[in-house]
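The values are calculated or read from the model by the stated rules, or taken from the named source; none is laboratory data. These numbers come from a predicted model, not from an experiment. Positions of Cβ are generated from backbone atoms using ideal geometry, with glycine treated the same way; all protein chains shown enter the neighbour counts. These area figures cover heavy atoms from the full protein model, side chains too; ligands, DNA and RNA do not enter into them. Shrake-Rupley method; radii C 1.70, N 1.55, O 1.52, S 1.80 Å.
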Amino acid sequence: MSGTTATRRTPRGLETRSRIVESAANLFYVKGVNATTLDDVRLASSTSKSQLYNHFEDKLALIHAVIDVQSKFVLAREEQRLRSVKTLSGLRRWRDALVQANSLQDGSYGCALGAMSIELSDTDEQSRRALNASFDAWQRILVETLTRLRELGVLTEDADPQRLGTGLLAALQGGYVLAQNAHNSEPMAVGLDMALDHIGSFARS
């Protein structure tokens, strides 16, 4: 519990901390990390200045907490969606769910982890390392999925799950950025389709 002390481990203290982190995560996602102030977070979470600083000594401590929470959420979502994928059609359904979610907000805001990475990776080493670890974990989930498809005979033996997983994640994150700038999910859909078409080229006939 970075930025906290043992006195804040009461149920009430944990609820307050969780509310602060959730409010900050929403603001960071919509407004951006740099554009969000601690006063913005305080107002959104209905906490006093003393409450906020009682849990987080500064904005950087809050940022690190948000990265932790957002990473756990995204990775749990991806693990749930991909763990049962046993066909290329299942991989397409994973793609469809991501694109549909992005299209509901007209492509705006992008990936929560990707957006924070763009803002923080060159300015805070702790944030960069934490986000890099999250992307590594995300890539491993994709690699494990593709490895499973190869073991099941869906993909041929010459398919390289490591390279294909890296390319798929790169297409996804690049798609998020282009969709965000265009305010349209189409670039994301195209990027993922091209990556999946390449994976499909290794399909066992």
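If I filter the stretch 176-184 for residues that are closer than 25 Å to Lys59 by Cβ, in contact with a helix residue (DSSP H, G or I) (Cβ under 8 Å, 6 or more places away or on another chain) and open to solvent by less than 30 Å² (accessible area, probe 1.4 Å), do I get at least one hit?
Scanning the stretch 176-184, I find at least one residue that is closer than 25 Å to Lys59 by Cβ, in contact with a helix residue (DSSP H, G or I) (Cβ under 8 Å, 6 or more places away or on another chain) and open to solvent by less than 30 Å² (accessible area, probe 1.4 Å), so the answer is yes.
Take the residues of the stretch 8-58 that are hydrophobic (A, V, I, L, M, F, W, C) and surrounded by fewer than 18 Cβ atoms within 10 Å (Cβ to Cβ): which is nearest to Asp68 (Cα to Cα)?
Top of the filtered list is Leu14.
For Thr47, which of the numbered conditions (1) more than 30 Å from Gly200 (Cα to Cα); (2) in a helix (DSSP H, G or I) fails to hold?
Of (1) more than 30 Å from Gly200 (Cα to Cα); (2) in a helix (DSSP H, G or I), only one is false for Thr47: (2).
Could you grab the pairs with beta carbons closer than 9 Å, sequence gap of 6+ or different chains, first residue in the stretch 65-76 and in a helix (DSSP H, G or I), second one open to solvent by 60 Å² or more (accessible area, probe 1.4 Å) and hydrophobic (A, V, I, L, M, F, W, C)?
Ala65/Met1
If we keep just the residues of the stretch 84-126 that are in contact (Cβ under 8 Å) with a residue 60 or more places away in the chain and charged (D, E, K, R), which is surrounded by the most Cβ atoms within 10 Å (Cβ to Cβ)?
Looking at residues that are in contact (Cβ under 8 Å) with a residue 60 or more places away in the chain and charged (D, E, K, R), I get Arg95.
Kindly establish whether Ala115 is assigned to a helix (DSSP H, G or I), out of contact with any helix residue (DSSP H, G or I) (no Cβ under 6 Å at 6 or more places or on another chain) and of a type in the set (A, V, I, L, M, F, W, C).
yes
With assigned to a helix (DSSP H, G or I), modelled with pLDDT of 95 or more, of a type outside the set (Asp, Glu) and in contact with a Lys or Arg (Cβ under 7 Å, 6 or more places away or on another chain) as the only criterion, which of Leu52, Leu27, Leu91 stands out?
On the way: Leu27 fails: in contact with a Lys or Arg (Cβ under 7 Å, 6 or more places away or on another chain); Leu91 fails: in contact with a Lys or Arg (Cβ under 7 Å, 6 or more places away or on another chain).
Within the list Leu52, Leu27, Leu91, the selection yields Leu52.
I need every pair where a residue in the stretch 144-158 that is open to solvent by 30 Å² or more (accessible area, probe 1.4 Å) has its Cβ under 7 Å from the Cβ of a residue that is of a type in the set (A, V, I, L, M, F, W, C) and assigned to a strand (DSSP E or B), sequence separation at least 6 or different chains.
So the pair list comes out as Val154/Ala203.
With respect to Gln80, determine if the residue is without any contact (Cβ under 8 Å) to a residue 12 or more places away in the chain and either of a type outside the set (Phe, Trp, Tyr) or closer than 22 Å to Gly110 by Cβ (or both). Walk me through how you get there before you give the answer.
Details: without any contact (Cβ under 8 Å) to a residue 12 or more places away in the chain: yes; either of a type outside the set (Phe, Trp, Tyr) or closer than 22 Å to Gly110 by Cβ (or both): yes.
For Gln80, the condition - without any contact (Cβ under 8 Å) to a residue 12 or more places away in the chain and either of a type outside the set (Phe, Trp, Tyr) or closer than 22 Å to Gly110 by Cβ (or both) - is met.
Looking at the structure I just gave you, is Glu157 outside any helix (DSSP H, G or I) and over 23 Å from Ala189 (Cβ atoms)?
Working: outside any helix (DSSP H, G or I): yes; over 23 Å from Ala189 (Cβ atoms): yes.
Yes.
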